[in-house]
Amino acid sequence: MTAFGNFLYELRKEKGMTQQELAEKLNITNKAVSKWETGEAFPETSQLVPLANIFGVTVDELLRGERIAGKSAEEGSAYSAVPVPASASPAAEGTKAKRRLSKKAQLILCAAAAVIVVLLCVLLPVVSCANNIFRAGKVDQIALGDDIARVEQLLGQPDDNYGSYNYFDKSYDKLMKELEEWVEGASDPYAALESFKRNSTRTFCCIHVTFFVGKVTQVWLDTSVTAAGAGEKELKEVQLVDWSLMDTEIQYRAYYTDGSYFLGSADADFSRTDDGDGAVVTVSWTDKFGNACSVSLDEI
């Protein structure tokens, strides 16, 4: 959430106003207001003054994302806070030459900019890698039977651990905020929740790791969960991890076309065929999302 979005959210709550009510005052949709508050979008310039007038603040305060100490909306209209370009000042032309930087200052600024660029090139990939746990390249390093310490070493502390370790990306928080707004003031919260599930299109990524007596029994990475749930998954590749001809339960990994990943167990059927060159045992089962899986043991 941006400073502007957070400030707008606080102002709206102070007024006891819903997103829909604010949207009606501005002749826009409540989705637009939601995007302003979550930082996904910013109002057009023509909307800033009406917005400031609604909440009794100045445009400058809106842009800053906070009230300016010692100022109030009564000290001047919202228009007075709109920045005036320096070129509009009669004295601007006369002072332009004085504001020109010396060559030495320009060289210092160029050197500083170069250092910043280098730092960004070095640090951004590191930060991105550290925060991006929603990739099978990291999650599939977890094996069935690993302990909790191994999971925390790879993924860090979970966002919650109600029966399993759960990790969510930032889109999940935005979805929860939209849900709160949707259900707010509803006479029938359950009906509002069902309506939200049908209408929400926001997706988020999550990782679920389940345990039994402290050992991993299932790992599930889903890259496209909605309020309505996981939905269907198209199988891309499946691998047998462990099996026994004496037991119908097998362990497998599955990769899906949307980048999702699953590691767990399933009940399987073993069938044997003989094509003349030798017997081939085929293992068949249904994955977590209802896809039919089949692997021949002679290919392992």
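Values quoted throughout were computed directly from the atomic coordinates according to the rules given, and no laboratory measurement underlies them. Just so it is clear, the structure is predicted and the values come from calculations on it, not from any experiment. Here Cβ is always computed from backbone atoms with ideal geometry, including for glycine, and neighbour counts include all displayed protein chains.
Points to keep in mind about this one:
- Exposure proxy ranking, count of Cβ atoms within 10 Å, fewest first, for Ser195, Ser46: Ser46, Ser195
- Assigned charges on the beta-carbon of Lys, Arg, Asp, Glu; the range 180-260 dipole about Cα centre (debye): 180 debye
- Cross-link pairs exceeding 18 Å between alpha carbons, from the set Lys13/Lys170; Lys174/Lys236; Lys236/Lys288; Lys197/Lys288; Lys138/Lys233; Lys31/Lys197: Lys13/Lys170; Lys174/Lys236; Lys197/Lys288; Lys138/Lys233.
- Environment charge of Thr257, counting only residues whose C-beta is closer than 12 Å and scoring Lys/Arg +1, Asp/Glu -1: -2
- FRET efficiency estimate (nearest 0.05) - Cβ-Cβ, Thr226 to Ala149, R0 41 angstrom: 0.80
- Local charge for Met17 was computed over the other residues whose Cβ lies under 13 Å away, with Lys and Arg +1 and Asp and Glu -1, and equals -3.
- Neighbourhood net charge (12 Å Cβ-Cβ; Lys/Arg +1, Asp/Glu -1) for Gly229: +1
- Legend: calculated FRET efficiency, Ser271 to Phe212, from the Cβ-Cβ distance at R0 = 41 Å, rounded to 0.05, equals 0.85.
- Residue order, fewest to most surrounding Cβ atoms within 10 angstrom, among Glu37, Glu14: Glu14, Glu37
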